[in-house]
1. Charges at C-beta only: +1 for Lys and Arg, -1 for Asp and Glu. How large is the resulting dipole of the stretch 11-141 about its Cα centre, in Debye rounded to 20?
2. List the aspartates and glutamates whose alpha-carbon lies under 12 Å from that of LYS47, not counting same-chain residues fewer than 8 positions away?
3. Ranked by accessible surface with a 1.4 Å probe, highest first, in what order do LYS47, LYS41 come?
4. Based on Cβ point charges of +1 for Lys and Arg and -1 for Asp and Glu, what charge dipole magnitude is obtained for the stretch 79-141 about its Cα centre, in debye rounded to the nearest 20?
Amino acid sequence: EISACLVGSEMCIRDRYKERIAICKSCDKYIKLLGNCSICKCFMKIKSRIANQECADNPKKWIKTTEVKRIKNLPQDIVDEVLKIYPDIETGKAKNIEVKKQIIQLYNIIHNTEYDTNTNCRSCLNTVYKAIKNLYNEHKK
């Protein structure tokens, strides 16, 4: 059974990432010194976090997934935080560095991921902004 990961360029939930990286580290194709795979040359600490990636070996030791972990019954304090912070990011860019860190932390809590709060990765930040926007639109009064 495949545990849920987030789709697209989004990151796997922690448990799935831990499963994948453990498989990689136990594989004879894993280059421990560099942390990459001798088949695909990818850095496995990165590749194993991305939901739509899969093992390059044949047979594959782990596969990509399109399963989405749907957040249900968010605690009211989380919903309140989304409603409170969204105006500070509604332009698609955080008002300041503290707001950026807060939305990433909020995203990590909601989606059980481990985005770095100091990231400047446009794709990562876009994923976070879209998720917070969707939750805001779902819960606004």
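The values are calculated or read from the model by the stated rules, or taken from the named source; none is laboratory data. The structure displayed is predicted, hence computed values, not measured ones. All Cβ positions, glycine included, derive from the backbone under ideal geometry; neighbour counts span all protein chains shown. All accessible areas refer to the heavy atoms of the entire protein, side chains included, with ligands and DNA or RNA removed. Shrake-Rupley method; radii C 1.70, N 1.55, O 1.52, S 1.80 Å.
1. Approximately 380 debye in magnitude.
2. Filter leaves GLU10.
3. On the way: LYS47 20, LYS41 125 Å².
Largest accessible area first, the list is LYS41, LYS47.
4. The dipole magnitude comes to about 240 debye.
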